[in-house]
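Peer 1: I'd like to ask some things about the structure below.
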Amino acid sequence: MHAAEPAALPIPGILLISADAGLIDSVQQALAARYELQTAATLQEAGAIATDFSPVLLLVDVGLGEDDVDLRARLSTDEQLGPVPAIFLTTVEPQEDLIGETLLKPFSARELLTCVESQIKLARVRREMTVALQQSEARYRAIVEAQSEMVSRFRPDGTLLFVNGAYASARGATPEELAGANFWDWIDEEDHPSVSAMLQRITPQSPEIRIENRFETSEGVRWILWTNRGLAFDENGRP
């Protein structure tokens with residue numbers, strides 16, 4: 001029996017958006033050996049091509065008759081093209097606050113190839129980091145949701161950003177129903193001053209504090225001991 005040959009890896013696709021025949025020819029010569037290149041004369045045409053082509057990178061010729069800022073803004077909001085990393089090919093140094101990698105024309109084949117490979121690697125790292133972060137958040141949420149104790153995350157004004165199942169159950173509601181609610185509505189008014197004073201003692205140097213107060217549940221008022229922790233602070237040390 002003969003061992004099966006490994007499947008060939010797909011060739012990365014790059015979409016060049018330009019109506020400049022000379023530029024298109026030079027880019028094709030520089031990238032043809034390593035990438036599959038498709039071209040489009042306009043953003044609209046590029047969007048249609050990207051639907052089936054799925055490029056890993058865009059090369060965008062700023063000489064499309066549009067202002068640099070307007071072109072980047074249109075591209076960033078495009079449903080098909082916006083998520084794809086881009087290199088802007090331009091003859092003018094871009095403003096410092098403009099988003100996106102820029103390659104000044106004219107450029108050599110080596111310069112283009114180096115810039116392309118760098119952006120593709122960077123995009124790959126970003127995707128891997130995004131996936132890792134999503135997986136980490138999913139594991140964290142699963143652990144929090146499984147807790148039998150009430151867990152919530154809230155803004156300093158008491159607005160709830162998240163509650164777990166135990167917290168929602170105590171209120172006779174679902175987590176979705178409590179999002180955006182305010183926990184002060186369920187704390188006995190006599191306890192407001194003391195709870196507020198204790199929360200104000202949370203600082204970067206002392207981020208955790210325990211507070212016991214009356215809390216209105218679906219089955220009546222209960223005394224509950226809370227552990228509060230500041231997760232983030234502004235430049236003045238306020239949570």
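The values are calculated or read from the model by the stated rules, or taken from the named source; none is laboratory data. Nothing here was measured: the structure is a model prediction, and the numbers come from that model. Quick reminder, even Gly has a Cβ in these numbers, built from the backbone with ideal geometry, and neighbours come from all protein chains shown. The protein model used for the area step is the full one, side chains on, heavy atoms only, and it has no ligands, DNA or RNA in it. Shrake-Rupley method; radii C 1.70, N 1.55, O 1.52, S 1.80 Å.
Peer 1: Can you tell me which residue in the stretch 160-193 is surrounded by the most Cβ atoms within 10 Å (Cβ to Cβ), limited to those that are within 31 Å of the chain's Cα centre (by Cα) and among the β-branched types (Val, Ile, Thr)?
Peer 2: Across the stretch 160-193, the extreme among qualifying residues is VAL163.
Peer 1: Something else about it: State whether the residues of the stretch 200-210 include one that is farther than 15 Å from LEU161 by Cβ, part of a strand (DSSP E or B) and open to solvent by 50 Å² or more (accessible area, probe 1.4 Å).
Peer 2: Yes, the conditions are met somewhere in the stretch 200-210.
Peer 1: Check off (1) modelled with pLDDT of 95 or more; (2) in a strand (DSSP E or B); (3) of a type in the set (Phe, Trp, Tyr) for PHE162 and give me the number that stays unchecked.
Peer 2: (1)
Peer 1: For residues that are farther than 21 Å from ARG127 by Cβ and not in a helix (DSSP H, G or I), tally how many sit in the stretch 38-64.
Peer 2: Within the stretch 38-64, residues that are farther than 21 Å from ARG127 by Cβ and not in a helix (DSSP H, G or I) number 9.
Peer 1: Output the number of the condition that ILE209 fails; it satisfies all remaining conditions of (1) over 25 Å from ASN236 (Cα atoms); (2) out of contact with any Phe, Trp or Tyr (no Cβ under 8 Å at 6 or more places or on another chain).
Peer 2: For ILE209, the failing item is (1).
Peer 1: Within the stretch 65-84, which residues are in contact with a Gly (Cβ under 8 Å, 6 or more places away or on another chain), surrounded by fewer than 18 Cβ atoms within 10 Å (Cβ to Cβ) and assigned to a helix (DSSP H, G or I)?
Peer 2: Within the stretch 65-84, SER76 is the sole residue that qualifies.
Peer 1: While we're looking at this one, here's another question. Filter the stretch 15-27 for residues that are in contact (Cβ under 8 Å) with a residue 12 or more places away in the chain and surrounded by fewer than 20 Cβ atoms within 10 Å (Cβ to Cβ) and give the result.
Peer 2: Across the stretch 15-27, the qualifying residues are ALA19, ASP20, LEU23, ILE24, SER26.
Peer 1: Go through the stretch 28-62 residue by residue and tally those that are loosely packed, with under 15 Cβ neighbours inside 10 Å and within 20 Å of ARG110 (Cβ to Cβ).
Peer 2: 5
Peer 1: Could you please find all residues in the stretch 219-237 being under 16 Å from ALA166 (Cβ atoms) and more than 37 Å from the chain's Cα centre (by Cα)?
Peer 2: GLU219, ARG222
Peer 1: Here's a follow-up. Name the single residue, out of those in the stretch 109-159 being open to solvent by less than 60 Å² (accessible area, probe 1.4 Å) and within 26 Å of SER196 (Cβ to Cβ), that is modelled with the lowest pLDDT.
Peer 2: Ranking the qualifying residues of the stretch 109-159, first place goes to VAL144.
Peer 1: Something else: Looking only at the stretch 19-30, decide whether some residue is assigned to a helix (DSSP H, G or I), within 17 Å of ARG74 (Cα to Cα) and out of contact with any His (no Cβ under 9 Å at 6 or more places or on another chain).
Peer 2: no
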